[in-house]
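Everything on this sheet refers to the single structure shown next.
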Amino acid sequence: MPVEFDAAVFTAPGAPLTVERVSLPGTPPPGEVLVRLKASGVCHSDLHVLAGEWDAPAPMILGHEGAGIVETVGEGVKTVAKGDHVVLSWTPSCRRCRYCVSGRPVLCDLVSQHSANHLSFDGRTRVTTPGDRDVYSFAGLGTFGQYTLVPESAAIAIRADAPFEQAALIGCAVTTGVGAAVNTAKVRPSDTVLVLGCGGVGLNAIQGARLVGARKIIAADISDEKLAQARVFGATEVVNSERENFADRVCQLTDGRGVDVAISAPHR
């Protein structure tokens, strides 16, 4: 039997989301996982679609940061089982294409062809309206609903006591920010790091720099509330760039040398 549920659906740029009754197959196709969502983050990427700044098909369930509980699994699924708590990833991998088998799953052919176009790996949608109209799922996830159907590699098992609200953010903001500091910038313990913007991504870039032991971490924003959170996440210095001369303050904090690494994370 199909699984019926409510979801916030994008219908057109500039139009408010509408809560609609939609459905998914109750029995997942082979290799897929049905997840009952418990929490979803709201990312600026969703706003880009809603505002018409990014082209996107409609109707579509927005959201790509999610965590929940596995409801049931399709044939061949081995890494998760019914009842497991999971975080969802909008960059799953087929584990079979030339990029996946060569150790570069981030370049997976199926992700670039299908998930990036808000489709499942077989090039189809999974969600339908009562009138059998296809509904897209943002980045192949669509977390602004009560359920989602995803490839096995998009459902990553987590410990059962992890809070869903925080776990959901690992699907985008946390990994983006921490990864920017640890993997892209390769921050070293001796580095002085500047993070511009203290939204979800910026705060986690600060956290990533702190995790590798950066010597000094300077956070800049125009919001005192966000700067207070930046200190919680590991910033050693904060600059309100609306009230202070930003360049002069950074020079002062670094004895005129500037920073070793700068990470820009505006509007996140």
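A residue that is among the β-branched types (Val, Ile, Thr), in a loop (DSSP other than H, G, I, E, B) and in the same structural domain as residue 36 (by TED's automatic domain parsing) occurs somewhere in segment 88-102. Residues considered: 129, 176, 125, 91. Of these, the only one that is within 19 Å of residue 29 (Cβ to Cβ), in contact (Cβ under 8 Å) with a residue 12 or more places away in the chain and among the β-branched types (Val, Ile, Thr) is 125.
Do any helices (runs of 4 or more DSSP H) lying entirely in segment 147-262 carry at least 1 residues that are in contact with a strand residue (DSSP E or B) (Cβ under 7 Å, 6 or more places away or on another chain), and which ones are they? Spell out how you get there, then give the answer.
Details: elements: 164-169, 175-179, 200-211, 224-233, 246-253.
Where helices (runs of 4 or more DSSP H) fall fully within segment 147-262 and carry at least 1 residues being in contact with a strand residue (DSSP E or B) (Cβ under 7 Å, 6 or more places away or on another chain), they are 164-169, 200-211, 224-233, 246-253.
Go through segment 212-268 residue by residue and tally those that are crowded, with 20+ Cβ neighbours inside 10 Å, more than 23 Å from the chain's Cα centre (by Cα) and under 15 Å from residue 187 (Cα atoms). Final tally of qualifying residues: 4.
Checked against the criterion of being charged (D, E, K, R), touching a helix residue (DSSP H, G or I) at 6+ places or on another chain (Cβ under 8 Å) and over 25 Å from residue 165 (Cα atoms), segment 220-241 has at least one qualifying residue.
Number of residues in segment 1-60 that are closer than 20 Å to residue 77 by Cβ, in a strand (DSSP E or B) and more than 18 Å from the chain's Cα centre (by Cα) equals 5.
The values are calculated or read from the model by the stated rules, or taken from the named source; none is laboratory data. Computed from a predicted structure; not experimentally measured. Please note: Cβ atoms are built from the backbone with ideal geometry, for glycine as well, and neighbour counts cover all protein chains shown.
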